[in-house]
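Okay, so here's the structure we're looking at.
The values are calculated or read from the model by the stated rules, or taken from the named source; none is laboratory data. Predicted, not measured: the structure shown is a model, and the values here were computed from it. Backbone-built Cβ (ideal geometry, glycine too); neighbour counts: all protein chains shown. Each accessible area value is taken on the protein alone, full model and side chains, heavy atoms only, with ligands, DNA and RNA left out. Shrake-Rupley method; radii C 1.70, N 1.55, O 1.52, S 1.80 Å.
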Amino acid sequence: MVKSDVDDLIRDNGMSEFKISDVYALQVIDSRGDPTVEVVVITEGGGVGRALTPSGASRGTYEAVELRDGDRRYNGRGVSRAVDNVNKYIAPSLKGLDSRYYRHVDRRLIEIDGTSNKSRLGANAIVATSLANVKAAADTLKMPLYQFLGGFKSRLLPAPLMNVINGGLHAGNELSFQEFMIIPVGADSFSEALRIAIEVYKELKKHLKEKYGPSAINVGDEGGYAPPMKSNSEALNALVQAIRSAGYVDGLDFMLALDAAASQIYNDSSNTYTVDGISMTSEELIDYYVELVNTYPIKIIEDPFHEEGFKEFAELRKRVASKTLIIGDDLTVTNIERIKKALSLDAIDGCIIKINQVGTLSESEDSINLLLMSSKRAIISHRSGDTEDPVIAHIAVAYETGLIKTGAPARGERTSKYNELLRIEHWLGGDAKYGGKYLGKI
Ligand code: PGA
Ligand code: ZN
């Protein structure tokens, strides 16, 4: 059967209420006040899906292309070209397709873009369309999105990697690593996990204010505090202290996670990294991580080396094998070819999944499935510039990844995901399970 026959089949399968009747986009703003794309997809049955595109600050080189206007308005950050692309090219091409066949809709998006990195229409135009489409299909069925995508078997709520101290590009301080996270693994439910994590977040606030003064409790891009610390261990010590003074046990109730976002501290010309003001070779940085892992209950390290450092990832992975998971973000950019490469080189225990890194839900789904079928982790993630769209909460539950990264329990664009997870847990009632236990204790 040729492609146009499949199109005809999908257009004319007799279930007209799922057919896309309208698609349009407009320019709205994200959590940093930068313009972003909102897409609305409407079905003939009256289903409405609305999705907003997030945006990263520490972006990987191999991510799909985010189209920005580059003119005087909004310091070049406008997205009117991406919005026009939805209205002029995407909308007419999707009308009449059955929204339930989201993989087909996504293929159409990839096809009309026609580039390998979505640079023609813009990944920021494509991702919101892809997500608005599945939301419209779910809405037509009057079903929550997690259930539409995952079926009635999906009932695992993710453990949050909660970023409570912000550094790197996400904060105006001198912390070299970008994210210092707590993972409430010891809870029995998602709502309990959120409660105990918030108790630690508040203890941390008290501690930082006492030790560093009131400006230490200003928050960074992802809602974590941005204290004037100079070393990574200072931040890790503060996390351990906050866990203990909230009455919990580090290494039992809580694990820690780090995102070094090491491409940002990597010096290409000398092949070194600047950590805590000191220049380190890859070998020295491996020893530094090993020492951190032996000192603190660190369960996850994300992007410990720069985005081409497959070999160094694999080396570190060998050294910390039984204790700590090594996770790719800028290394793998949700791209299945890069994930396959990382897997074949034994470089990772899992990946961060950011739908806008690759551009469509289906491609992200392929990456998630590959990871889970390879007994690896898939951590569904927000971006540092995000929106009130809670869609990743549904994605994490739908694919039962057991892990999500969506910042501190502060700022509306972060709490929208936590609140949606609370709702999903409520809807699932006694069927809900919590992913914390599956991460394992140290
Ligand atoms: P970004 O950072 O959204 O600014 O790229 C998040 C991360 O690196 O995990
Ligand atoms: Zn990252």
ask   = Just the accessible area for Arg68, please: 1.4 Å probe, Å², rounded to the nearest 10?
value = 40
task = At 1.4 Å probe size, with no ligands or nucleic acids counted, give the accessible surface of Lys19 in Å², nearest ten.
result = 40
request  = May I ask for the angle, rounded to the nearest 10°, between helix 123-140 and the longest principal axis of the chain, with both axes built from Cα atoms and the value confined to 0 to 90°?
outcome  = 70
query = chymotrypsin sites (Phe, Trp or Tyr not before Pro) within the stretch 356-435: which are DSSP loop residues with at most 14 other Cβ atoms inside 10 Å?
reply = none
query = Using heavy-atom solvent-accessible surface (probe 1.4 Å) with all chains present, what is the largest-first order of Met280, Met143, Met15?
reply = Met15, Met143, Met280
request  = Over the alpha-carbon set of the chain, work out the extent along each principal axis and list the three values in angstrom, largest first.
outcome  = 63, 53, 43
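With a sphere of radius 13 Å drawn around the Cβ of Asp71, what net charge do the other residues whose Cβ falls strictly inside it have (Lys, Arg +1; Asp, Glu -1)?
Result for the neighbourhood of Asp71: +4.
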query = So which chymotrypsin sites (Phe, Trp or Tyr not before Pro) in the stretch 143-243 pass both tests, a DSSP loop state and at most 13 other Cβ atoms within 10 Å of the Cβ?
reply = Phe152
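Could you provide, to the nearest whole Å², the per residue accessible area of the chain with probe 1.4 Å?
37
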query = For the stretch 150-438, what % of the accessible area comes from carbon and sulfur atoms, probe 1.4 Å?
reply = 50
request  = Rank these residues by their accessible area, most exposed first, probe 1.4 Å: Glu234, Glu284.
outcome  = Glu284, Glu234
ask   = Can you give the Rg to Rh ratio of the stretch 16-142, both from alpha-carbon atoms, with Rh computed by the Kirkwood formula?
value = 0.98
remark   = Heavy-atom accessible area of Ser233, protein chains in place, probe 1.4 angstrom, given in Å² to nearest 10, is 40
key: List Thr334, Thr61, Thr274, ordered by accessible area with a 1.4 Å probe, largest first   = Thr61, Thr274, Thr334
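For the stretch 205-354, take the alpha-carbon Rg, divide it by the Kirkwood Rh, and send me Rg/Rh.
Checking Rg against Rh, the ratio lands at 0.99.
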